[in-house]
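Just below is one structure, and these are the notes that go with it.
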Amino acid sequence: MAVETAAYSELTDIQRDITEMVRQFADEQIIPNAEHYDHEDSFPEPIVEQMKELGLFGVTIPEEYGGMGLDLTTYAMIVEELSRGWISISGVVNTHFIGSYLLMKFGTDEQKQYFLPKMATGEIRAAFSLSEPEVGSDVQGIKATAKKGEDGAWELNGQKMWVTNGLGSGVVFVLMKTDTKADPPYKGMTCFITEKEPWKEAGEGDYAGLTIPPKIKKMGYKGVESTELVYDGYRCPPERVLGGEEAGVGQGFVQMMDALEVGRVNVAARGVGIAQRALELALRYSQERKTFGKPIAQHQAIQFKLADMATKVEAARLLTRKAARMKDAGERSDLEAGMAKLLASETGKECVEECFRIHGGYGYSKEYEIERLYRDAPLLLIGEGTSEIQRMVIGKKLLQRHKI
Ligand SMILES: Cc1cc2nc3c(=O)[nH]c(=O)nc-3n(C[C@H](O)[C@H](O)[C@H](O)COP(=O)(O)OP(=O)(O)OC[C@H]3O[C@@H](n4cnc5c(N)ncnc54)[C@H](O)[C@@H]3O)c2cc1C
């Protein structure tokens with residue numbers, strides 16, 4: 001006897017509509033143009049302008065500030081689609097999303113009112129800066145400092161490294177040492193909201209004391225700029241301490257680490273997106289290319305590669321969405337976010353490599369999309385905590401949760 005059942009769907013109506021819209025955008029606007037911007041290493045301005053029109057800079061910003069007010073799970077689905085198109089496009093929104101999260105969670109009312117409406121439209125974009133030339137994983141080792149002057153303003157000094165959107169952003173959330181003697185060091189760190197003029201290399205007037213050296217030349221992840229930031233006497237008013245001076249001084253490390261937890265879900269979604277694209281390219285090419293009288297997809301060795309890729313993509317996607325849903329439900333998700341970031345970024349790299357192998361010699365040619373993916377995928381193993389750091393986080397949390 002037939003039993004009527006509703007078709008299984010993991011997605012809500014809103015999630016289905018918005019991911020379909022972004023997938024179409026990726027197919028029509030991102031994928032056909034990525035090669036051009038990648039080869040020139042130039043900022044994909046027309047694509048970014050369309051993203052503003054689609055409201056993609058305000059996905060998680062509450063409606064009262066002009067955003068869409070959607071949750072992390074839906075945001076992760078959008079990021080997957082953008083990264084399927086090109087991870088550099090998701091890089092343009094990634095640090096912006098972290099900046100808006102910091103404001104929504106820790107910002108004062110004035111800070112939210114001032115920044116969030118402009119960020120929701122993409123009028124200004126945000127960057128997020130922890131790393132320094134000598135410090136990446138070990139954030140407590142940062143050296144850049146902020147000192148309070150007699151007029152009440154803070155003076156920022158020091159060099160920051162690897163700042164995504166470092167030149168084009170209008171605001172940088174930057175971690176500085178405000179108490180060099182604090183023990184442990186993380187208690188002496190503060191997050192400053194530093195404004196700047198987008199695309200200007202040397203700040204003037206209110207923004208004097210911040211210079212941005214030429215962008216770092218990279219293997220992949222082109223189009224979106226990564227820069228150093230040199231703070232040399234930059235004056236930051238006290239109301240630009242994240243959360244206000246009273247609540248915010250000394251809280252920067254904790255605030256930034258909280259933001260990295262959602263950032264890891266975001267990077268995991270990027271890993272799923274690039275892995276998904278590699279699978280699609282492999283499925284197509286393996287049915288077109290013939291060897292020994294048949295399409296290579298008919299050789300069992302190739303089918304096994306496709307099977308492993310598809311299985312890993314699905315597992316990484318499920319774990320990423322689980323971590324996002326837990327965070328949306330207000331549960332601790334540090335363990336799951338670390339696992340999702342680890343699995344999805346490694347899956348991204350593995351699927352891209354398998355797709356590259358399936359393409360044979362053509363995988364090495366710039367004529368084929370997989371060549372770009374091959375240069376892009378390794379970034380995800382590094383940014384927002386390397387795979388080694390994720391394993392450290394996972395191991396530590398496991399032992400905390402299962403202490404005997
Ligand atoms: C393209 C790009 C964009 C970036 N964007 C930003 C950004 O917008 N903002 C920002 O703040 N940073 C950004 N980063 C910096 C990034 O977060 C760091 O590169 C990353 O955290 C690793 O730090 P590191 O490069 O200093 O490596 P290190 O910390 O020096 O690590 C070197 C190696 O040692 C390993 N390692 C370190 N400590 C341990 C340990 N305790 N146990 C075992 N292994 C260990 C690491 O896993 C790695 O393999 C970006 C980096 C890149 C490449």
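Of all the listed residues (K312, K305), the sole one being under 20 Å from R270 (Cβ atoms), open to solvent by 40 Å² or more (accessible area, probe 1.4 Å) and either touching a residue at least 40 places away in the same chain (Cβ under 8 Å) or in a helix (DSSP H, G or I) (or both) is K312.
Within region 315-328, restricting attention to residues that are of a type outside the set (G, A, S) and in contact with a Leu (Cβ under 9 Å, 6 or more places away or on another chain), the residue that is least open to solvent (accessible area, probe 1.4 Å) is T320.
Taking region 360-393 as the range and being touching a Leu at 6+ places or on another chain (Cβ under 8 Å), within 26 Å of V163 (Cα to Cα), modelled with pLDDT of 95 or more and open to solvent by 20 Å² or more (accessible area, probe 1.4 Å) as the test, only R391 passes. For Q111, the criteria (1) more than 16 Å from the ligand (Cβ to nearest atom); (2) part of a strand (DSSP E or B) hold in every case but one, which is (2).
The selection criterion, being over 18 Å from V172 (Cα atoms), open to solvent by 60 Å² or more (accessible area, probe 1.4 Å) and away from the ligand (no atom under 13 Å from the Cβ), holds for L283.
Scanning region 155-181 for residues that are open to solvent by less than 20 Å² (accessible area, probe 1.4 Å) and away from the ligand (no atom under 14 Å from the Cβ) turns up L156, G170. For the subset of region 182-221 comprising residues that are of a type in the set (D, E, K, R), open to solvent by less than 40 Å² (accessible area, probe 1.4 Å) and in a loop (DSSP other than H, G, I, E, B), which member is farthest from the ligand (Cβ to nearest atom)? Of everything passing the filter in region 182-221, K196 is farthest from the ligand (Cβ to nearest atom). Here K143 does not fit the description of being over 15 Å from P62 (Cα atoms), more than 14 Å from the ligand (Cβ to nearest atom), among the basic types (K, R) and open to solvent by 60 Å² or more (accessible area, probe 1.4 Å). G152 fulfils the conditions (1) open to solvent by 20 Å² or more (accessible area, probe 1.4 Å); (2) assigned to a loop (DSSP other than H, G, I, E, B); (3) within 18 Å of D179 (Cα to Cα) except for a single criterion, (1). A count restricted to region 355-402 and to residues that are part of a loop (DSSP other than H, G, I, E, B) and not β-branched (V, I, T) stands at 11. Comparison of G250, G243 shows that the only residue that is in a loop (DSSP other than H, G, I, E, B) and over 24 Å from the mean Cα position of the chain (by Cα) is G250.
Cβ separations smaller than 7 Å between residues 6+ apart or across chains give the following pairs from region 112-140 residues that are more than 19 Å from L167 (Cβ to Cβ) to residues that are small (G, A, S) and open to solvent by 50 Å² or more (accessible area, probe 1.4 Å): P117/G66; A120/G66; T121/G66.
The values are calculated or read from the model by the stated rules, or taken from the named source; none is laboratory data. Remember, it's a predicted structure, so these values are computed and weren't measured experimentally. Note that we place each Cβ from the backbone using ideal geometry, even for glycine, and neighbour counts take in every protein chain shown. Protein only, heavy atoms only, side chains kept; ligands, DNA and RNA dropped before computing areas. Shrake-Rupley method; radii C 1.70, N 1.55, O 1.52, S 1.80 Å.
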